[in-house]
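A quick write-up on the structure given underneath.
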């Protein structure tokens, strides 16, 4: 039994020295200075009060996307009366879908807010390789294709899609106008 204890002693001393060095570095914050001299709080610094420079992510699970694109705005966009919306809200996306009267002209307007909107854009750009334009003045970044537009403000992506049998060219400017209005209605917190 003595040989096991004797063999362990040479390993124990370097491990103890390393542990002591780690503890010493942690207690001084690694910079050797510890708390600021004027802290007056026993060295405890409250980092939670520091302002965050990163924009906060929007909690889409609690968002009603129909407030971002109300029915009246959707009707103006597509130029026809729409029925009451269908809504979905998950941790990835909040959506609102307005459909036209089944007895009237074909029409549908959809808005998506959150990571799901960005995923739509990635699929259309990278996988399907659709043709895009980049409209100016919409959020931090904007992309548009026939009958659909995306914009990002901070970390939040928004997309608006229409379904219509009318010429897609007539919806280019109305989609941009609807997006500008929708971005202005995004919750700020």
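The values are calculated or read from the model by the stated rules, or taken from the named source; none is laboratory data. Since the model is a prediction, treat every value here as computed from it, not as a measurement. Neighbour counts run over all protein chains shown; Cβ positions are idealised from the backbone, glycine included.
Condition first: surrounded by 15 or more Cβ atoms within 10 Å (Cβ to Cβ) and within 23 Å of residue 187 (Cβ to Cβ). Now tell me which residues in segment 149-167 satisfy that.
Within segment 149-167, 149, 150, 151, 152, 153, 156, 157, 158, 159, 160, 161 meet the criteria.
Of these, 176, 120, which one is farther than 19 Å from residue 89 by Cβ and crowded, with 16+ Cβ neighbours inside 10 Å?
The unique qualifying residue is 176.
Which residues, counting only those in segment 117-142, are touching a helix residue (DSSP H, G or I) at 6+ places or on another chain (Cβ under 8 Å) and within 21 Å of residue 186 (Cβ to Cβ)?
Within segment 117-142, 135, 137, 138, 139, 142 meet the criteria.
Residues are listed down the side, and each one gets a yes or a no for (1) over 19 Å from the mean Cα position of the chain (by Cα); (2) farther than 21 Å from residue 122 by Cβ:
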site: 139; (1), (2): no, no
site: 151; (1), (2): no, no
site: 166; (1), (2): yes, yes
site: 170; (1), (2): yes, yes
site: 180; (1), (2): no, yes
site: 186; (1), (2): no, no
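Of all residues in segment 143-189, how many are closer than 20 Å to residue 118 by Cβ, touching a helix residue (DSSP H, G or I) at 6+ places or on another chain (Cβ under 7 Å) and either in a strand (DSSP E or B) or at pLDDT below 95 (or both)?
So the answer is 12.
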